[in-house]
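Reading through the structure tokens given below for one structure.
Here, each number is a calculation from the coordinates, and none is a lab measurement. Since the model is a prediction, treat every value here as computed from it, not as a measurement. Here the Cβ is made from the backbone with ideal geometry for all residues, glycine too, and neighbour counts use every protein chain on show.
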Amino acid sequence: MGIPLWKILRILLSVPIWRLLYSKKWIRHCYRQGDVVITPTEYSRELLMKYDLHREIYALTNGVDTEFFHKTEQAGGRFRIFFSSSCG
């Protein structure tokens, strides 16, 4: 006659939801929905390449250009004046 529904539900509900959502199969399914995969680090790109996604995977850093954004005394002074006057 088969397995009773209550036994199936008990088994399904005993598995943590994070295990269902973050399984390798689920991750593979989600990443295959797009044409390409963009990830923030070369390390994560290497990990995703092992998932057999059949998609191009690019590492595109979301870092800061430290040559353009760098600390200066003038900028520090403006920062302190702006934030000290807005706090008091």
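Structure above, values below:
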read-out	value
Coarse-grained scattering of the chain at q = 0.11, 0.22, 0.24 Å⁻¹, given as base-10 log I(q)/I(0) from a Debye sum over alpha-carbon atoms	-0.65, -1.07, -1.17
Debye intensity ratio I(q)/I(0), log10, the stretch 24-64, q values 0.23, 0.27, 0.31, 0.35 Å⁻¹ (C-alpha model)	-0.71, -0.92, -1.12, -1.28
Charge dipole magnitude, Cβ of K and R +1, D and E -1 - the stretch 24-64, Cα centre, debye nearest 20	260 debye
Taking the chain and dividing mean pair separation by its residue count, relative contact order in percent (alpha carbons under 8 Å, at least six apart)	21 percent
Residues with amide H under 5 Å from that of V37, placed H, sequence gap 5 or more	E56, I57, Y58
Net lengthening on full extension, S23/R10 (0.36 nm per residue, minus Cα-Cα)	2.7 nm
Candidates I11, I38, I27: whichever shows maximal mean-square fluctuation once the chain is modelled as a Gaussian network with Cα springs under 10 Å	I11
Set of lysines near K25 by C-alpha distance (under 21 Å), chain-local residues within fewer than 8 positions excluded	K50
For the stretch 24-64: relative contact order, % (alpha-carbon pairs under 8 angstrom, 6 or more apart)	46 percent
Peptides ranked, highest mean first, by Cβ atoms within 10 Å: ranges 68-78, 53-63	53-63, 68-78
